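Reviewing the structure listed below.
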Amino acid sequence: MSPNLQTNFWARVGLRDSDRDVCVRAIERVYKVSEVEEFGDQGYCSFTLMVTLPSSEHSLIVQLRPRQHDLDLNIAEEARKTYGNLAPRVRGLDVRLPGGLSAFEMELVDGVPLSKIKSTASTMDEEYWMKKVKLVESFASFIARAWPSPSNPAVSSRRIRADSLVFDGPGWLSPCTGVVGANIVPKLRQLARELPDRGLRLRAQETLESLLRITEYPVVLNHGDLIPSNILVDPETWEITGLVDWAEAEVLPFGTCLYGLEHLLGSIVDHYPSPSLIYASPTSRPKFVYHERAEELRRMFWGTLVGEAPELNRSLGEVRLMRDVGVLLWSGYAWDEGRIDRVVNEVDDGEEIACLRAFLGVA
């Protein structure tokens, strides 16, 4: 579900570049300070400012968001309850901004985006290997925090976010009321009909049938865009220090966000010739390539996950199934400015198709 990055934030939300200055001045008035500057790491669906408070070295983040990509403060609170200090504290600001933009204050989470330091070296020395191990183990610890326990029960039938009034699926999925969660079954059915080759369609159908056979399984808050740019790490050790951009987070089956592990084990290679085209250019088809010792790291992930939450050992088959559900839902639909309703195809969505084939083992 990769977005189009050809336009800047202001153009994407129908505003002018000059509206940036209007927004900065408005935030300066909120905090009564002049040290408000553009943050170095920007997302696609928001514009982020850093505010340095007076007489203090303490800084915080203010994120400006259009209505269609608003943050749900109930979701932000649930993220803190579930994942602790790996999710930032968030509060809404009462400020009028151009174009109906909303402003949200967040604590500044330590670390740098993994996308800025992730290496694709073909060989790894001991230092690099230990960083990869720390990255994968800390990712497993993050995922394990959501497994239900006495101190962190599974989400009940209460609604954290009620985006949909229509539900189609087994009863244990009923707490999943978000844009994706309320439509898991129909979305998988659509993928089983419309994915661009028989192997992928068959995998989607098998995944759907396996899902429908389950009678009970925990649903928890899942991060909705678990990619390297949203994963913050210690630059020296690569231990995960926080996760940002919870705007797409939803209550979903535990493990739905495990597609994120694949992005720690490999990366997209854009210049990869298509074997079906004898005279293909080097840019004919992107491919997802796993890095050296990826399978060893994958085993470490599962071992750490079970070590952190021993109770899930009895449900590993279901956890792996939910990982496949997440792969299909996340890479099987094009982003299309957040609509997420078009099944990917070979012509327009090469990276998503590459991820589907690699993550699901479908040639």
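The values are calculated or read from the model by the stated rules, or taken from the named source; none is laboratory data. All of these numbers come straight from a predicted model, not from anything done at the bench. All Cβ positions, even for glycine, are placed from backbone atoms using ideal geometry, and neighbour counts span all protein chains on display.
From the residues in region 11-65 that are of a type in the set (Asp, Glu) and part of a loop (DSSP other than H, G, I, E, B), which one is modelled with the highest pLDDT?
Across region 11-65, the extreme among qualifying residues is Asp17.
In region 329-363, how many are aliphatic (A, V, I, L, M) and free of Cβ contacts under 8 Å to residues at least 40 places away in the same chain?
Here the count works out to 1.
Quick test of your reading of the structure: Ala247 fulfils all but one of (1) within 22 Å of Asp110 (Cβ to Cβ); (2) surrounded by fewer than 23 Cβ atoms within 10 Å (Cβ to Cβ); (3) touching a Phe, Trp or Tyr at 6+ places or on another chain (Cβ under 7 Å). Name the failing condition by number.
Condition not satisfied by Ala247: (3).
Do the conditions hold for Ala144, that is, is it in the same structural domain as Asp225 (by the TED database), in contact (Cβ under 8 Å) with a residue 24 or more places away in the chain and under 18 Å from Val244 (Cα atoms)?
Taking the combined requirement at face value, the residue satisfies it.
Examine region 155-174 for a residue that is assigned by the TED database to the domain that holds Asp245, at pLDDT 95 or above, over 23 Å from the mean Cα position of the chain (by Cα) and within 19 Å of Asp341 (Cβ to Cβ), and state whether such a residue exists.
no
Checking Val362 against (1) out of contact with any helix residue (DSSP H, G or I) (no Cβ under 6 Å at 6 or more places or on another chain); (2) at pLDDT below 95; (3) in a loop (DSSP other than H, G, I, E, B), only one condition comes out false. Which one?
(1)
Any chance you could count how many residues in region 78-101 are in contact (Cβ under 8 Å) with a residue 12 or more places away in the chain, within 18 Å of Leu221 (Cβ to Cβ) and surrounded by 15 or more Cβ atoms within 10 Å (Cβ to Cβ)? Outline the logic, then answer.
Taking region 78-101 as the starting set, the residues that turn out to be in contact (Cβ under 8 Å) with a residue 12 or more places away in the chain are 78-79, 81-93, 95-101.
From the residues that got through so far, the ones that are within 18 Å of Leu221 (Cβ to Cβ) too are 78-79, 81-90.
Of the ones still in play, those that are also surrounded by 15 or more Cβ atoms within 10 Å (Cβ to Cβ) are 78-79, 82-83, 86-88, 90.
Result for region 78-101: 8.
Inside region 289-333, can you point out the residues that are within 20 Å of the chain's Cα centre (by Cα), of a type in the set (Ser, Thr, Tyr) and part of a helix (DSSP H, G or I)?
Within region 289-333, Ser331 is the sole residue that qualifies.
Within region 116-128, identify whether any single residue is surrounded by 14 or more Cβ atoms within 10 Å (Cβ to Cβ), modelled with pLDDT of 95 or more and within 21 Å of Glu262 (Cβ to Cβ), and answer yes or no.
no
Applying the selection to region 20-62, what residues are of a type in the set (S, T, N, Q) and either in the same structural domain as Val233 (by the TED database) or without any contact (Cβ under 8 Å) to a residue 12 or more places away in the chain (or both)?
Ser34, Ser55, Ser56
All but one of (1) exposed (fewer than 14 other Cβ atoms within 10 Å of the Cβ); (2) over 19 Å from Ala204 (Cα atoms); (3) in contact with a Phe, Trp or Tyr (Cβ under 9 Å, 6 or more places away or on another chain) hold for Asn313; state the number of the condition that does not hold.
(3)
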